[in-house]
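Some notes on the structure that comes next.
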Amino acid sequence: MRNIFLLTLLLFTCFFNCNNSKNKAYNAIDKYEDASQNPGKQLMETNCYVCHSPTAPQNNRIGPPMIAIKKHYIGDNTTKEEFITAIKEWIKNPNAEDAKMYGAVKRFGVMPKQAYPEETIAKIAEYMYDYKIEEPEWFEDHYNNERGNRNGKGNGKGMQNQKAKTNFEDLPYAERGLRYALTTKAVLGKNLMGTIQNKGTLVALTFCNERAYPLTDSMAIVHNASIKRLSDKPRNPNNKANQEELEYINEFKQVIANNKEATPIVKELDDNVTVYYPITTNTMCLQCHGKPNETLNRTTFSKIKTLYPLDKAIGYDVNEVRGIWSITFNKD
């Protein structure tokens with residue numbers, strides 16, 4: 001009788017534990033079945049899509065799409081941990097010698113170095129590994145031609161491909177303002193980095209002087225919003241932050257200095273909403289915003305003084321807050 005009781009108890013325990021394990025596994029998958037709920041997705045769109053957009057045309061890009069990075073880094077036997085580690089190591093020290101994407105380095109140059117919180121990189125890499133990610137229409141043919149039609153592990157672990165939201169007006173205010181800022185940043189970044197790559201820093205300075213405002217204004221029209229870039233150390237006096245905006249800049253400086261991921265600041269007033277988000281520096285920025293005679297060479301510095309006699313936007317290092325986006329739009 002005792003043996004029968006023990007056997008019954010053992011079977012009950014095994015059954016209970018197995019059911020619990022199944023429930024935990026199911027809940028974990030169910031939680032992220034819709035990739036829009038995965039934190040890595042928004043972090044990737046926020047931090048990576050300016051240069052690695054899935055929508056930019058093949059012949060007018062400033063970096064490879066994220067799906068290309070995924071396919072180059074994930075082989076048949078690559079584990080998630082190996083992939084995350086490889087991405088972290090590249091972000092810490094992007095250089096031509098360690099590059100896995102030789103064609104991209106030849107075409108676009110080495111990725112500008114920019115510091116990100118380690119947790120941010122881990123979440124982005126985990127999302128990339130687990131999920132199908134959006135790819136340009138031209139990518140599959142391009143990849144097959146480049147790779148001789150070999151299959152990689154680029155489609156994730158069987159989860160559904162997720163398309164990015166394009167109807168920004170349906171988004172929460174913070175995300176909506178962030179999207180307006182990032183799409184504007186993408187337009188400015190594509191033109192600026194393309195000019196630097198093809199014509200050099202001095203020509204890029206002239207581009208900023210003549211084209212930055214018109215391009216920003218054109219995106220404001222597209223989004224039916226007011227879009228400004230403001231700073232405590234402006235290059236153009238028209239971009240000087242007021243007292244309230246200076247407080248937001250200082251808040252973001254503390255967040256970035258503590259190696260945390262910044263989130264938008266949202267201010268509601270009557271029928272309008274204003275969203276603030278930091279503008280941070282990477283190594284490419286330092287060519288025009290760095291320290292004189294160090295990262296900012298003498299010729300460039302002289303050109304800056306000619307174009308902007310009242311310039312204050314120098315002396316920065318990598319991953320510092322250079323200013324903020326101010327995005328204002330109607331609530332309706």
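The values are calculated or read from the model by the stated rules, or taken from the named source; none is laboratory data. Owing to the predicted nature of the structure, the values given are computational and were not obtained by experimental measurement. Note that each Cβ is placed from the backbone with ideal geometry, even for glycine, and that neighbours are counted across all protein chains shown.
Pairing residues of segment 259-270 that are closer than 14 Å to residue 173 by Cβ and assigned by TED's automatic domain parsing to the domain that holds residue 324 with residues that are assigned to a strand (DSSP E or B) and among the β-branched types (Val, Ile, Thr), at Cβ distances under 6 Å and at least 6 apart in sequence or on separate chains, gives 264/275; 266/275; 267/274. Of the residues examined, residue 22 is not one that is farther than 27 Å from residue 192 by Cα, outside the structural domain of residue 281 (by TED's automatic domain parsing) and modelled with pLDDT of 90 or more.
Restricting attention to segment 62-74, does a residue exist that is touching a Lys or Arg at 6+ places or on another chain (Cβ under 6 Å), farther than 27 Å from residue 195 by Cα, not in a helix (DSSP H, G or I) and not aromatic (Phe, Trp, Tyr)? For segment 62-74, residues touching a Lys or Arg at 6+ places or on another chain (Cβ under 6 Å), farther than 27 Å from residue 195 by Cα, not in a helix (DSSP H, G or I) and not aromatic (Phe, Trp, Tyr): present. Taking residues in segment 167-191 that are without any contact (Cβ under 8 Å) to a residue 60 or more places away in the chain and farther than 30 Å from residue 204 by Cα, and partners anywhere that are in a helix (DSSP H, G or I) and polar (S, T, N, Q), not one pair has Cβ atoms closer than 8 Å while being at least 6 places apart or on different chains. Considered as a group, the residues in segment 245-269 that are aliphatic (A, V, I, L, M), more than 18 Å from residue 177 (Cβ to Cβ) and surrounded by 14 or more Cβ atoms within 10 Å (Cβ to Cβ) include one that is modelled with the highest pLDDT, and that residue is 246. Within segment 309-324, residues that are over 13 Å from residue 253 (Cα atoms) reach partners that are outside any loop (DSSP other than H, G, I, E, B) and of a type in the set (Val, Ile, Thr) with beta carbons closer than 8 Å, at six or more positions or on different chains, in the pairs 311/304; 314/304.
Only one of the numbered conditions (1) within 19 Å of residue 46 (Cβ to Cβ); (2) touching a residue at least 60 places away in the same chain (Cβ under 8 Å); (3) in contact with a strand residue (DSSP E or B) (Cβ under 9 Å, 6 or more places away or on another chain) is not met by residue 245, and that is (1). Scanning segment 112-128 for residues that are touching a Ser or Thr at 6+ places or on another chain (Cβ under 9 Å) and of a type outside the set (S, T, N, Q) gives 112, 113, 115, 125. A single member of 153, 190, 185 is assigned to a helix (DSSP H, G or I) and either modelled with pLDDT under 85 or more than 16 Å from residue 226 (Cα to Cα) (or both), and it is 190. Consider segment 75-105 and keep the residues that are among the basic types (Lys, Arg) and in a helix (DSSP H, G or I). The one that is farthest from the chain's Cα centre (by Cα) is 80. For residue 323, are the conditions met, namely being on the phi > 0 side of the Ramachandran plot and either among the basic types (Lys, Arg) or not assigned by TED's automatic domain parsing to the domain that holds residue 92 (or both)? In short, yes.
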